[in-house]
1. Quick check on this structure: which one of Val246, Val265, Val230 is farther than 19 Å from Leu75 by Cβ, of a type in the set (A, V, I, L, M) and free of Cβ contacts under 8 Å to residues at least 60 places away in the same chain?
2. Checking Ala260 against (1) open to solvent by less than 70 Å² (accessible area, probe 1.4 Å); (2) under 22 Å from the mean Cα position of the chain (by Cα); (3) touching a residue at least 12 places away in the same chain (Cβ under 8 Å), only one condition comes out false. Which one?
3. Go through the residues of the stretch 325-332 one by one and say whether even a single one is touching a residue at least 12 places away in the same chain (Cβ under 8 Å), among the basic types (Lys, Arg), open to solvent by 40 Å² or more (accessible area, probe 1.4 Å) and assigned to a helix (DSSP H, G or I).
4. Outside any strand (DSSP E or B) and either modelled with pLDDT of 95 or more or surrounded by 19 or more Cβ atoms within 10 Å (Cβ to Cβ) (or both): is that true of Gly187 in this structure?
5. Which condition number in (1) closer than 30 Å to Pro323 by Cα; (2) within 15 Å of the ligand (Cβ to nearest atom); (3) crowded, with 19+ Cβ neighbours inside 10 Å is the one that Glu82 fails?
6. What number of residues in the stretch 30-45 are closer than 17 Å to Lys251 by Cα and surrounded by fewer than 18 Cβ atoms within 10 Å (Cβ to Cβ)?
7. I'm trying to understand the selection: among the residues of the stretch 190-243, which are part of a loop (DSSP other than H, G, I, E, B) and open to solvent by 80 Å² or more (accessible area, probe 1.4 Å)?
8. Checking the condition outside the structural domain of Phe36 (by TED's automatic domain parsing) and either within 20 Å of the chain's Cα centre (by Cα) or crowded, with 17+ Cβ neighbours inside 10 Å (or both), which residue from Val246, Val291 passes?
Amino acid sequence: MVSAKKIQMVDLKGQYEKIKTEVDEGIQNVINSTAFINGPSVKEFQASFEKYLNAKHVIPCANGTDALQIAMMALGLKAGDEVITASFTYVATAEVIGLLGLTPVLVDVYPDTFDIDIEAIERNITPKTKAIVPVHLFGQCADMERIMALAKKHNLFVIEDVAQAIGADYTFKDGTVKKAGTIGHVGCTSFFPSKNLGCYGDGGAIYTNDDNLATQLKMIAHHGQSVQYVHDVLGVNSRLDTIQAVVLNAKLKHLDEYAAARNKVADHYDKAFANNPKLKTPVRAKFSNHVFHQYTLQLVNVDRAKLREQLAERGIPAMIYYPIPLHMQKAYTSDRYKQGDFPVTEKLCASVLSLPMHTELDEETLSFITKTVLELI
Ligand SMILES: *Cc1c(COP(=O)(O)O)cnc(C)c1O
């Protein structure tokens with residue numbers, strides 16, 4: 001049987017229909033005012049997002065990759081400094097490290113949560129290590145309390161990659177709750193359309209609670225400019241468009257609802273796949289809630305390529321995030337690593353499968369997906 005409805009990995013159209021009037025009018029207003037750059041909606045979004053995150057400073061920028069780059073520049077990282085990050089992540093995390101002439105030091109991840117292995121971080125700290133970049137992969141936080149303790153002990157910066165975990169809550173042992181990205185020295189996020197808070201083009205933001213760092217971040221994002229036409233440091237040009245800020249203002253109000261809708265989808269999948277020896281459902285960490293940017297299964301003794309093909313024939317898309325570990329990518333080959341060095345990452349790359357995950361999935365579609373997966377494995 002093929003699904004009657006077109007099933008998508010992400011349904012941005014259905015979500016748009018529900019906020020159409022606000023978005024359409026807002027975008028038209030920007031065009032009428034011609035305030036395309038730094039219009040009032042950008043400031044409005046910045047202030048609302050600071051409040052939502054309970055962060056002292058949000059610096060909007062052009063995309064999540066820029067956010068990471070600007071953060072590393074603002075922290076004063078210099079060529080030759082080592083930056084530790086996960087081998088199982090999207091390429092952007094390691095890309096900016098390399099672009100700035102820093103040395104990416106990749107480490108393995110935990111097999112249950114997919115987050116960076118903290119013992120492996122510690123084993124890889126050298127006198128050249130300056131920063132750790134934990135990635136809150138697929139929508140739940142890495143263990144920030146332990147990472148911050150380790151960073152403090154070794155005097156390292158912590159740059160959180162929050163591109164996949166906007167709005168996730170981390171709970172400390174004493175019960176304190178903080179938003180992902182507001183715990184480390186700086187947090188970096190993306191508003192790429194398919195992200196949990198996505199705009200209709202590219203967008204990103206950097207968060208920090210440190211006033212001096214915020215000044216530095218703002219300056220670097222704007223050509224290193226302190227006052228107009230006065231350039232104190234080497235910077236970049238990275239801005240959030242006013243039109244994108246309009247979309248983000250409309251969607252931020254619904255972000256918690258969106259996370260709840262994603263969790264409902266995850267619960268449906270979890271229940272359907274529970275106790276099936278061929279499917280390992282996502283493990284929820286006890287210190288973080290999950291905002292399910294992706295719902296990622298680990299397949300056990302299942303032919304993944306065949307399953308994907310058969311699902312596609314029945315109108316069900318499924319994606320592999322990520323098929324090749326960073327240390328096995330041509331652009332990141334290094335004498336440091338060889339195949340087999342990161343067994344968990346390598347196993348995950350060979351066995352993960354992400355199912356459709358978005359805010360518009362109904363029970364009927366979900367039942368069709370789960371029934372079909374169970375029939376095919
Ligand atoms: C999407 C993503 C980025 C990059 O964001 P862009 O806005 O596409 O530049 C960085 N890190 C992770 C983990 C991501 O998922």
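1. Matching residue, one of Val246, Val265, Val230: Val230.
2. That leaves (3) as the condition not met.
3. no
4. Against the criterion (outside any strand (DSSP E or B) and either modelled with pLDDT of 95 or more or surrounded by 19 or more Cβ atoms within 10 Å (Cβ to Cβ) (or both)), Gly187 does not qualify.
5. Glu82 satisfies all of (1) closer than 30 Å to Pro323 by Cα; (2) within 15 Å of the ligand (Cβ to nearest atom); (3) crowded, with 19+ Cβ neighbours inside 10 Å except (2).
6. 3
7. Phe192, Tyr200, Asp202, His223, Gln228, Tyr229, Asp232, Leu234, Arg239
8. Among Val246, Val291, only Val291 is outside the structural domain of Phe36 (by TED's automatic domain parsing) and either within 20 Å of the chain's Cα centre (by Cα) or crowded, with 17+ Cβ neighbours inside 10 Å (or both).
The values are calculated or read from the model by the stated rules, or taken from the named source; none is laboratory data. The structure presented is a predicted model; accordingly, all values stated were derived computationally and were not measured. Counting neighbours? That spans all protein chains shown, and the Cβs are built from the backbone with ideal geometry, glycine included. What goes into the accessible areas is simple: the full protein's heavy atoms, side chains included, and nothing from ligands, DNA or RNA. Shrake-Rupley method; radii C 1.70, N 1.55, O 1.52, S 1.80 Å.
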